[in-house]
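Let me begin by presenting the structure, written as C-alpha cells, before commenting on it.
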Amino acid sequence: QVQLVESGGGLVQPGGSLRLSCAASGILFNIYHMAWYRQAPGKERELVAYILSSQTSHYADFVKGRFTISRDNGKDTVSLQMNSLRPEDTAVYYCNAYAVNRDYWGQGTQVTVSS
C-alpha cells in the first residue's frame, strides 16, 4: 500500500519559516519524481516545487529564493524548507510522487501565515 504522509505544517507569523516533510512508503522512492503542491481556499491546486529522481529541482516563480525542496533517497523522504513566509502562502500543502503511469498524493498539511 502506497502512503505519503506529510508533516510540519502549522501557524507561523509573516517572515517566519517552516519545514514540511513527506515520508513515503510502498514505492521504490528513488525512481519517483517528487513534488509539493498547494491549494488555498477557493483556488485551484498549484505546483510549488518538484525534484526529479536525478535531484534536478524546479520552483514556481512565487517561491523562488524563499523555498527549497530536497530529498533523501536513503530515508524515502522529501522536504520543503519555507523561509520568508507570506500570508499568501497560506494553503494546504500536498506531497506528490509521480512516475510513468503512477501518481500518488498525500493527505495534505495546513500552513497558515498570519500575525
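Numbers at a glance
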{"item": "Some residue of the stretch 94-107 being of a type in the set (A, V, I, L, M, F, W, C), surrounded by 17 or more Cβ atoms within 10 Å (Cβ to Cβ) and part of a strand (DSSP E or B)", "result": "yes"}
{"item": "Among residues of the stretch 13-60, those that are open to solvent by 70 Å² or more (accessible area, probe 1.4 Å) and not in a strand (DSSP E or B), counted", "result": "12"}
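The values are calculated or read from the model by the stated rules, or taken from the named source; none is laboratory data. Only a predicted model underlies this, so the values are computations on that prediction, with no experimental measurement involved. For neighbour counting, all protein chains shown are included, and Cβ atoms are generated from backbone atoms with ideal geometry for every residue, glycine included. We work out accessible area using only protein heavy atoms, side chains counted, and drop any ligands, DNA or RNA first. Shrake-Rupley method; radii C 1.70, N 1.55, O 1.52, S 1.80 Å.
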